[in-house]
Amino acid sequence: MKLEPKNYCSIVKNISNKMANINTITNCFGCGVCATACPKDIISIIQNREGFYVPNITNIDVCIDCGICLRVCSFAKEGLATESPKPIHSYAAWSQDTSIRKQCSSGGIGFEIGRTLIASGYKVCGVRYDAEKGIAEHYISSSEEELKQTIGSKYLQSYTFNGFKAIDRKGKYLVTGTPCQIDSFRRYIRKFRIEDNFILIDFFCHAVPSMNAWRRYMDMVEKKIGKITYASWRNKFTGWHDSWAMSMIGSSTSDRASDNTAGQGNWNSRLSEGDIFYRLFLGDYCSNPACSRNCKFKYDRSSADIRIGDLWGNTYAANEDGVSAAVAFTEAGDAVLRQSGCMLIEHPFDVVAEGQMKKNVRPAYTSGIAVRLLRNANVPLDSIVWKLVFFTEKVLKFAERKTIKRKAR
Ligand SMILES: Cc1cc2nc3c(=O)[nH]c(=O)nc-3n(C[C@H](O)[C@H](O)[C@H](O)COP(=O)(O)OP(=O)(O)OC[C@H]3O[C@@H](n4cnc5c(N)ncnc54)[C@H](O)[C@@H]3O)c2cc1C
Ligand code: SF4
Ligand code: SF4
């Protein structure tokens, strides 16, 4: 068949569309940076059936094949935005403001850096929980008061688009996020040659759980306490080492959960007592497949200026107030840490990173069943079906341990 130039062009355009934009990308990190960068504003970030954010081109005919979405995409690229990152200084860190330290997940270093930079003219793009929508989302704060909503880890995949899009490329910003979000964001600011205006923070990152797990958990809790108006994932009521704890307030109360007693309208549930959201999340029943298959950011692999986290490990094993790990990867990051007003104690990197994962999460044996069940609102999390899933997992793990022991003999 002889191709008319018009047809030929459209075939070439279709091929190049496949090559030059994120249309063919599925099950990615869901960082949202492609949508932020697209000059035609034709990429939206939607949730897939499994409950993870993915990009979607809404009007392919408007695409100009500029390739920017792919250029800023950490998932589509080999390696990190920062080649061979090296920790230059590693610290144990904590806020000297006891009320901040008490509220934050570890030592409060994230908040203190934000507070310091706001005082010197920066804005902060961090994560808050929107109880109305039931999602974690990036947003901009320009004052210490607004920054308070970033306090505390929200163990959900954050919807970045509105926060990232609201960043004025001429301003100065601190941006915090998961390492994959930050790696793409680094590529974005490099593309527009505005890196000097930004300080980037990521954290040692386990994985992100499916939003379907969160929705099923909310369904279960709301049956007991009414519409959730406040949620927090960590509290130190029984000490920092036992701080994996969900505290929620439902519409049937007006009091904020201020102690560890479950009253009417309050929900308090700890991992150490079998909290089901944490069992699903930390048991890797519902982690993003990209976290197990494609994550390239474990341990000392970061494109941020600073990496933070919980300083687990022997050195601070007796501390119950909370100690942050803080690792500077750039001189700019180190300068910011030193200005933060936090207590900083320098240690070798392996002391600060003790207990952090070196390998990607491995999905639970029953994760395939779990992910399918989580799609279905008619299978409540407190049903017998879930008890069976957890029981089967235990049996399979036990069998695996037995086989390993037998082989080792
Ligand atoms: C999904 C997830 C997995 C994590 N995995 C680990 C881990 O394996 N090991 C470890 O040591 N630490 C991990 N952390 C980080 C840890 O929970 C604390 O955030 C860290 O110790 C800093 O605490 P902080 O006391 O400085 O401040 P906090 O006030 O608790 O700081 C919270 C900071 O994290 C940001 N943030 C909160 N929720 C999210 C989110 N959903 N997505 C992106 N950014 C968010 C906020 O903007 C804020 O800057 C994880 C955090 C998240 C959100
Ligand atoms: S190639 Fe350019 S115009 Fe097309 S979706 Fe990507 S960023 Fe947008
Ligand atoms: S585990 Fe890796 S891929 Fe998953 S959210 Fe964290 S940084 Fe991103």
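The values are calculated or read from the model by the stated rules, or taken from the named source; none is laboratory data. Owing to the predicted nature of the structure, the values given are computational and were not obtained by experimental measurement. Cβ placement follows ideal geometry from the backbone for every residue including glycine, while neighbour counts extend to all protein chains displayed. These area figures cover heavy atoms from the full protein model, side chains too; ligands, DNA and RNA do not enter into them. Shrake-Rupley method; radii C 1.70, N 1.55, O 1.52, S 1.80 Å.
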With a/c under 1.5 counting as rounded, go ahead and sort the stretch 320-359 into rounded, prolate or oblate using the C-alpha gyration tensor (a ≥ b ≥ c being the square roots of the eigenvalues; past the cut-off, prolate if a/b is larger than b/c, else oblate). oblate
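Counting only heavy atoms of protein chains, what accessible area per residue, in Å², does the chain have with a probe of 1.4 Å?
47 Å²
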Heavy-atom accessible area of the chain with neighbours in place, 1.4 angstrom probe: carbon+sulfur share in percent works out to 52 percent
In order over the stretch 305-312: 3J(HN,Hα) from phi, Karplus 6.51/-1.76/1.60, θ = phi - 60°, whole Hz, x for each Gly or Pro, gives 7, 9, 10, 10, x, 8, 8, 6
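What is the gain in length, in nm to one decimal, between residue 369 and residue 86 on full extension, counting 0.36 nm per residue of separation less the C-alpha to C-alpha distance?
Working: separation 283, 0.36 × 283 = 101.88 nm, distance 3.98 nm.
Computed gain between residue 369 and residue 86 is 97.9 nm.
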Rg over Rh of the stretch 319-409, using C-alpha atoms and the Kirkwood radius, what does it come to? 1.19
Summed over the other residues with a beta carbon less than 14 angstrom from that of residue 145, with K and R at +1 and D and E at -1, the charge totals +2
Non-local amide H neighbours of residue 159 (under 5 Å, H modeled in plane, Pro and chain starts lacking H): which ones? 136, 137, 138
If amide H atoms are built 1.01 Å from N in the plane of the peptide, which residues on other chains or at least 5 residues away come under 5 Å of the amide H of residue 199? 173, 174, 175
Any chance you could list the semi-axes, whole Å, largest first, of the equivalent ellipsoid that the Cα gyration tensor gives for the chain, using √(5λ)? 34, 29, 23
Given 20 °C and 1.002 mPa s, how large is the Stokes-Einstein diffusion coefficient of the stretch 10-130 in µm²/s, with Rh as the Kirkwood radius over Cα pairs? 120 µm²/s
Rounded FRET efficiency, nearest 0.05, which uses the C-beta distance separating residue 230 from residue 64 and R0 of 51 Å: 0.70
Beta carbons within 10 angstrom, averaged per residue: use that to sort the peptides 215-224, 152-161, highest first. 152-161, 215-224
With all protein chains present, calculate the accessible area of residue 89 using a 1.4 Å probe and round the result to the nearest 10 Å². 50 Å²
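First measure r as the distance between the Cβ atoms of residue 76 and residue 392, then evaluate 1/(1 + (r/R0)^6) with R0 = 41 Å and state the FRET efficiency to the nearest 0.05.
The pair residue 76/residue 392 has a calculated efficiency of 0.65.
Could you tally the net charge around residue 338, taking each other residue with its Cβ under 15 Å from the Cβ of residue 338, Lys/Arg +1 and Asp/Glu -1?
Working: positive: 115; negative: 112, 305, 331, 334, 346.
After counting each charged neighbour, the total is -4.
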For the stretch 117-185: Kirkwood Rh in Å [reciprocal of mean 1/r, alpha carbons]: 12.3 Å
Filter on 102/224; 236/394; 227/359; 154/358; 154/296; 40/133 - keep pairs with C-alpha separation over 32 Å: 227/359
At residue 197 and residue 279, where each label point lies 7 Å from the Cα along Cα→Cβ, what is the point-to-point distance in nanometres? 4.9 nm
Diffing the stretch 77-91: the Karplus 3J(HN,Hα) column from phi (6.51, -1.76, 1.60, θ = phi - 60°), in whole Hz with x for Gly and Pro, holds 9, 6, x, 9, 5, 9, 6, 6, x, 10, x, 9, 9, 10, 9
